[in-house]
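Undergrad: I have a structure I would like to understand better, so I am pasting it below and will then ask my questions one at a time.
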Amino acid sequence: MSVGGTFYSGSMETVPDFDPDEAEAWARPDGWYPPVPSALDLVIEADATISIHAAQRFARIDEMRRDALDDAKRHGYDLNDVIERSIRLELAAALAITEAAAGAMIAQADALVHSYPSVLESLAGARTTQRHAVDLLEVMEAVEPEIRGSLLSRALELAESLPVGKFRRQLRKLIESARTVTVTERHEHAMQARRIFVENVDDGMAWLHTLAPAVEVHAVHGRLTANAKVLAAHRDETRTLDQLRADVLCDILIDGVTDLLPPEARGIRPTAVVTVPALALLDAEGEGDGPQIASVEGVGPIPMARARELCGGAAGWMRVLTHPETGMVLSVGRKRYRPPPELRSLVQWRAETCMGPGCNTPASRCEIDHNVAWEHGGETSLNNLTPLCKGHHTLKHHGRWCVEQIAGSGGAVMWTSPAGRRYRVEPERRVVAFTAIPEEPAPF
């Protein structure tokens, strides 16, 4: 446990109700005093306790279920569905939750105890959270059984080291790289389920749900956001960005025209980044050595055929090849403050999301921050630029946080809080750093 920027491995129970006035009674002859937990230390301890208790609850729920099934078997009851329903009802009534929620907890407990004991052990040791554990179960249960076991240890490593949002993205990528069923086949099957439906809610409102290819849905959202931001810039505009998106969507879909939008908001097209292995683009059939995985920023893996289409010159798409390319702009030094488009795109591509701890805002919607400020001599270079959403950018400059890019890490950033705590944020991808070796002087 970290206390005041240092590592503290002792139990909080070793200093119960510590009173600074009693420090002399605790001091050793060498002048050492036991660390006093801060308010954040106590929050972290409480959160760890929640994880430990969640693991205990899962274990006890499974034990309760097995006891009930064994008891029913001893009394000759063979209606397993009825017994299972009875168990759900009793758990729901005892915890004052719905039967559906109770059923989900029973299924999760069964999976953790019998299929994923290492995940339960990690949760019991507070090395991961209940949210991580449940998300891991949901994703892994959809994976083919023949590859599930080989992925579990790596998946657990990701759960123990990453924030929830980044964990889910990395877990999906891990699975896609190992899956025997191709992304294209599953995408074609999923396409059959595309639809739109309406869900009525209170006060004369309703949700419009759309299930469609992720690339198109994100592009739609991007265009609505771009139009909404233009409208929001008007002096008399009072609507929020969410309200503006909804109004623009209705104007376009109901009227079929954008005449009601100001001229500068018309014709806006979304942009996105598609990342494809360079050699895969040369293989017309998508075959070859190793997995052929393409991905779209903020969306995830897409079929190779769709990637080739997008990389073929479709407007609004930036092509980034994971194979090294020549002519990559890595720095303009102190010659200019704003990074050139190529460098800006590279910074965004490397991170994929805001580099704030746990933030999932796409890098394309972020501001580019000079880690060492320009006015303090910072350069406009890849090793000094990081995408930050507006909130984290403001926090970095005005919230007494220190943000520095770790030298030689390929783009990792270290955040140091006002309390002295350090949080390392890794980029989605790495860019190899090249260091010039100074030439030795020629001998006389």
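The values are calculated or read from the model by the stated rules, or taken from the named source; none is laboratory data. Treat the numbers as computed from the prediction; the structure is a model and nothing was measured. Neighbour counts are summed over all protein chains in view; Cβ atoms, including those assigned to glycine, are modelled from backbone coordinates with ideal geometry.
Undergrad: Answer yes if at least one residue in the stretch 363-372 is farther than 30 Å from residue 224 by Cα and not assigned by TED's automatic domain parsing to the domain that holds residue 168, and no otherwise.
TA: From the stretch 363-372, those farther than 30 Å from residue 224 by Cα are 371-372; that's our starting set.
Now narrow it down to the ones that are not assigned by TED's automatic domain parsing to the domain that holds residue 168: 371-372.
So far as the stretch 363-372 goes, yes, one or more of its residues are farther than 30 Å from residue 224 by Cα and not assigned by TED's automatic domain parsing to the domain that holds residue 168.
Undergrad: Limited to the stretch 367-403, what total is found for residues that are of a type outside the set (A, V, I, L, M), within 21 Å of the chain's Cα centre (by Cα) and crowded, with 16+ Cβ neighbours inside 10 Å?
TA: The qualifying residues number 7.
Undergrad: Sticking with this one: Could you name every one of the helices (runs of 4 or more DSSP H) located completely within the stretch 35-120 that has at least 2 residues being over 35 Å from the mean Cα position of the chain (by Cα) and in the same structural domain as residue 139 (by TED's automatic domain parsing)?
TA: On the way: elements: 39-74, 80-95, 99-114.
Filter on the stretch 35-120 gives 39-74, 80-95.
Here is a yes/no grid of residues against (1) farther than 24 Å from residue 390 by Cα; (2) surrounded by 10 or more Cβ atoms within 10 Å (Cβ to Cβ); (3) modelled with pLDDT under 90:
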site: 204; (1), (2), (3): yes, no, yes
site: 215; (1), (2), (3): yes, yes, yes
site: 218; (1), (2), (3): no, yes, yes
site: 226; (1), (2), (3): no, yes, yes
site: 234; (1), (2), (3): no, yes, yes
site: 248; (1), (2), (3): no, yes, yes
site: 257; (1), (2), (3): yes, yes, yes
site: 264; (1), (2), (3): no, yes, yes
site: 269; (1), (2), (3): no, yes, yes
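Undergrad: Tally time: how many residues in the stretch 121-137 are surrounded by fewer than 23 Cβ atoms within 10 Å (Cβ to Cβ), hydrophobic (A, V, I, L, M, F, W, C) and under 18 Å from the mean Cα position of the chain (by Cα)?
TA: 2
Undergrad: If I ask for residues that are closer than 18 Å to residue 378 by Cβ, surrounded by fewer than 17 Cβ atoms within 10 Å (Cβ to Cβ) and not charged (D, E, K, R), which ones from the stretch 335-366 would you list?
TA: Selection gives 337, 340.
Undergrad: Further question on the same structure: Is there a residue being crowded, with 19+ Cβ neighbours inside 10 Å, modelled with pLDDT of 65 or more, within 23 Å of residue 221 (Cα to Cα) and of a type outside the set (Ser, Thr, Tyr) anywhere in the stretch 313-322?
TA: Checking the stretch 313-322: not a single residue is crowded, with 19+ Cβ neighbours inside 10 Å, modelled with pLDDT of 65 or more, within 23 Å of residue 221 (Cα to Cα) and of a type outside the set (Ser, Thr, Tyr).
Undergrad: Six or more apart or on different chains, Cβ atoms under 8 Å: show the pairs whose first residue is in the stretch 70-99 and surrounded by fewer than 12 Cβ atoms within 10 Å (Cβ to Cβ) and whose second is of a type outside the set (Gly, Ala, Ser).
TA: 80/69
Undergrad: Can you name every one of the helices (runs of 4 or more DSSP H) wholly within the stretch 150-240 that holds 3 or more residues which are under 14 Å from residue 136 (Cβ atoms) and of a type in the set (Lys, Arg)? Write out each step before concluding.
TA: Values: elements: 164-178, 183-191, 214-232.
Counting at least 3 such residues, we get 164-178.
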